Amino acid sequence: MEKKCYVASQQTKWALAAALKKLMAQKPLEKITISELTDLCHIKRQNFYYHFEDIYDLMRWMFQNEAVSLLERREGALLWREGLLELFHYLQSNRAVCLCALRSLGRGHIRRFFEEQLHTIISQTIEGFLPDLQDPSSSDHVALLAHFYVVSLASVMESWLLGEIDQTPDELINFISTVLEDHLRGAALRRGKISSIPSGDLSFPRGCSLEGE
């Protein structure tokens, strides 16, 4: 019985998310009403509040389960490119919805949906390349470096959504990968972890590679 209730609850949530996406492609978020959503889903208004506090709560749930989950499923540095590429393809396929959220909530809000997961995969990538970080100052350096790339990557994501950058998702990921590789290659050389790395032949300790498989 509990399983049936859970399935029904999830179906209602996904139906509401689909209705929200449909309306967000047509008008600003602040002009969408709960009554419109429940009418599209053929459910009672009180059913909405059983699942979500308001429309913004529904939108957060939608992004968490559709977009953020693309990054959460990627474990380790090997798959960071694949996860980011999937995320950019999601944003591309749902550009109207993401632009609606961006314009209604302002710059900075959308990237906060992804910052935690971006930080995780970027940190894993850096630590995979420089695994033997011992002293606290090195750990602080990695944390600052990861923050730098997370903020930069999130800002690129917003600019791309707004049409300020016209590259394809594949071109963007290749560019980001090259910049990150070059930076980490230089960091490794400065720290004396390696003597030299030929361009395009970045080898990671523990079998990791920024290029992926």
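Is it true that Q92 is touching a residue at least 24 places away in the same chain (Cβ under 8 Å), surrounded by fewer than 19 Cβ atoms within 10 Å (Cβ to Cβ) and over 12 Å from the mean Cα position of the chain (by Cα)? Considered against the rule, which asks whether it is touching a residue at least 24 places away in the same chain (Cβ under 8 Å), surrounded by fewer than 19 Cβ atoms within 10 Å (Cβ to Cβ) and over 12 Å from the mean Cα position of the chain (by Cα), Q92 comes out as yes. Among the conditions (1) open to solvent by 20 Å² or more (accessible area, probe 1.4 Å); (2) within 30 Å of L189 (Cα to Cα); (3) at pLDDT 75 or above, the only one that L118 does not satisfy is (1). Residues that are of a type in the set (D, E, K, R), open to solvent by 50 Å² or more (accessible area, probe 1.4 Å) and touching a residue at least 60 places away in the same chain (Cβ under 8 Å) do occur in the range 30-51. The condition of being modelled with pLDDT under 95 and among the small types (G, A, S) holds for A25. Residues in the range 1-22 that are among the hydroxyl-bearing types (S, T, Y) and surrounded by 11 or more Cβ atoms within 10 Å (Cβ to Cβ) were compared, and the one that is modelled with the highest pLDDT is T12. Only one of the numbered conditions (1) modelled with pLDDT of 75 or more; (2) out of contact with any Leu (no Cβ under 8 Å at 6 or more places or on another chain); (3) closer than 25 Å to S93 by Cβ is violated by A143, and that is (3). Among what's in the range 28-49 and is within 20 Å of L102 (Cβ to Cβ) and not in a helix (DSSP H, G or I), pick the residue that is modelled with the highest pLDDT. So, considering only residues that are within 20 Å of L102 (Cβ to Cβ) and not in a helix (DSSP H, G or I), the one modelled with the highest pLDDT is I32.
The values are calculated or read from the model by the stated rules, or taken from the named source; none is laboratory data. Note that the structure is a prediction, hence the values are computed from the model and not measured. Cβ atoms come from the backbone with ideal geometry, glycine included; neighbour counts cover every protein chain shown. Ligands, DNA and RNA are excluded from the accessible area calculation, which covers all protein heavy atoms including side chains. Shrake-Rupley method; radii C 1.70, N 1.55, O 1.52, S 1.80 Å.
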